[in-house]
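The structure under discussion appears below in the form of structure tokens.
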Amino acid sequence: MVLSKRPQRSILKRRGSISTAVQAVLDLIAVLGLALLLIRQQIGGLSVEYSVLLLLLAMSMVFAYDQFGVYRSNSSFTRKALTLFNAWSLAFGFLLVVGFATKQTDTFSRMLLGQLYVIGYLLQLVLQYVSREVQTRIMRHAVPSENVLIVGTGKLARYLQHKISGNPWLSQKVVGCLELPAATRSRVESTGGSLYETSDFGTLKEPNIIGPLDEILAIIDRHEVRTVYFAIPLGESDLIEDMYFQLLDRYVAIHWVPDIFSMLLVNHSVREMAGLPVLTLSETPLTGTRLLLKAVEDFVLSALILIAVTPLLLVIAAAIKLDSPGPVFFKQSRNGWSGKTFSIWKFRTMYVHNAEAGEVKQATRNDPRVTRVGAFLRRSSLDELPQLLNVLGGSMSLVGPRPHAVQHDAEYSQRIDSYLARHNIKPGITGLAQVRGFRGETTNIEQMQQRVEADIEYINNWSLWLDFTILLRTLSALTGRNAY
């Protein structure tokens, strides 16, 4: 019998957690309580200025903790502590930015803010630890462990087995894995993405194979299995259709973990659209409020930097004019967000010359085309400063994948898979690839591949905190042996 009735609710189930909500409230109360205590001890009472400070801190905590997924992760306590530190630092950093922007930093006690930052983090860390221990003990005694079975033996199945076995919150025990038919197994085991090979827990254990797939019903009865996970690729959906109704008769929970990681994913997610599950494989991270935040970040910081470096820009412009004939600025077409072409601005660092047959040749070490002033500007990356105008105009960002010449995009897109995925976000003056040392001339395809991988890693993990981190690291990466 075929069931075709339209579902009465959304297919995607949102699994809320009372414990995470309680934890979030406790952290907020602890921070605000600590702040009030420090204010009473050192200031004497809560003033209007400090009331605004606490309100902004609470709002920034809500945003930052959501961005970092502080309450959505069941990782190790060490990883949780690092995530909490990054989120707390971002929330506090927002206060500092607002303070400097409004010139109110002298209104507040530096000692009080320092104590709030350090003690506030430690207090939240203790609360997180205590909460984790209490919930773990409750789960062990109140929730009986259930046996689960994994269908598949490939990299995804091994990864899933490791995650279930290492997560005390699930109260699940993997009794083993079932081997797929030979034809299916050869297709499945030939796939598997970098998620399983570069994970932070080291080498995955071999799966505990307890039988072939055609014995699944007997194995479920023998081991009293209550949950079955299908760890197979999207292309093997027919296999699940064949087994689904048989498993329903055994009253087991059925989960499908599709192997999508054999592809190079760009900001992937699972969401709902009109009640239907949507598996997003590639998408820009800049949507909705995230786009607004990125735009505000770029506009405010680039404007402040441009004001600060204006005298330097004038000095550089004069030096270029005195060193060699030609214009101060160099303009070139580049591909930006979504592949749209824009004109990038730089200080001119080469003698005026005509490119051969429209060819764009990268600068090399001791390139005779580079002027004396240009050599210094390239080594110090000061030739990139005019791109602050690109940022203010909206065609670029302070942080993002470096835009390459249009001709280079056309060449490398044919040689590197997912090369053009770099354009899923605004190009930047600096980026993750640059602070890792992947800058300057690329002499082989492997170097460009490393750049692309770093750019996609940035897109997949974008946050304001990551941008601030890259900007700080850029200060120490402005010069180097690859800068010429």
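The values are calculated or read from the model by the stated rules, or taken from the named source; none is laboratory data. Computed from a predicted structure; not experimentally measured. Reconstructed Cβ throughout: ideal geometry from the backbone, glycine too, with neighbour counts over all protein chains shown.
List of remarks:
- In the set 395, 476, only one residue is within 28 Å of residue 88 (Cβ to Cβ) and either modelled with pLDDT under 90 or in a loop (DSSP other than H, G, I, E, B) (or both); that residue is 476.
- Those residues of the stretch 99-137 which are under 20 Å from residue 71 (Cβ atoms) and hydrophobic (A, V, I, L, M, F, W, C), in sequence order: 122, 123, 125, 126, 127, 130, 134
- All positions within the stretch 19-69 that are β-branched (Val, Ile, Thr) and closer than 17 Å to residue 92 by Cα: 29, 31, 39, 52, 62
- Inter-residue pairs, beta-carbon under 9 Å, first under 23 Å from residue 471 (Cβ atoms) and in the stretch 410-429, second part of a helix (DSSP H, G or I) and basic (Lys, Arg), 6+ apart: 422/451; 425/294; 426/294
This table checks each residue for (1) modelled with pLDDT under 90; (2) out of contact with any Leu (no Cβ under 8 Å at 6 or more places or on another chain); (3) surrounded by fewer than 16 Cβ atoms within 10 Å (Cβ to Cβ); (4) aliphatic (A, V, I, L, M).
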position: 310; (1), (2), (3), (4): no, yes, yes, no
position: 325; (1), (2), (3), (4): yes, yes, yes, no
position: 340; (1), (2), (3), (4): yes, yes, yes, no
position: 352; (1), (2), (3), (4): yes, yes, yes, yes
position: 364; (1), (2), (3), (4): yes, yes, yes, no
position: 376; (1), (2), (3), (4): yes, no, no, no
position: 382; (1), (2), (3), (4): yes, no, no, yes
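- Inter-residue pairs, beta-carbon under 6 Å, first within 22 Å of residue 425 (Cα to Cα) and in the stretch 373-391, second among the acidic types (Asp, Glu) and modelled with pLDDT of 90 or more, 6+ apart: 391/298
- Exclusive hit being more than 24 Å from residue 101 (Cα to Cα) and modelled with pLDDT of 90 or more, set 346, 321: 346
- Checked against (1) modelled with pLDDT of 85 or more; (2) within 21 Å of the chain's Cα centre (by Cα); (3) not small (Gly, Ala, Ser), residue 304 passes all but condition (2).
Table: residues versus (1) of a type outside the set (Gly, Ala, Ser); (2) part of a helix (DSSP H, G or I).
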{"site": "52", "(1), (2)": "yes, yes"}
{"site": "55", "(1), (2)": "yes, yes"}
{"site": "60", "(1), (2)": "no, yes"}
{"site": "64", "(1), (2)": "no, yes"}
{"site": "67", "(1), (2)": "yes, yes"}
{"site": "71", "(1), (2)": "yes, no"}
{"site": "80", "(1), (2)": "yes, yes"}
{"site": "85", "(1), (2)": "yes, yes"}
{"site": "89", "(1), (2)": "no, yes"}
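- Matching option when the condition is part of a helix (DSSP H, G or I), farther than 24 Å from residue 297 by Cβ, outside the structural domain of residue 46 (by TED's automatic domain parsing) and touching a helix residue (DSSP H, G or I) at 6+ places or on another chain (Cβ under 7 Å), among 159, 129: 159
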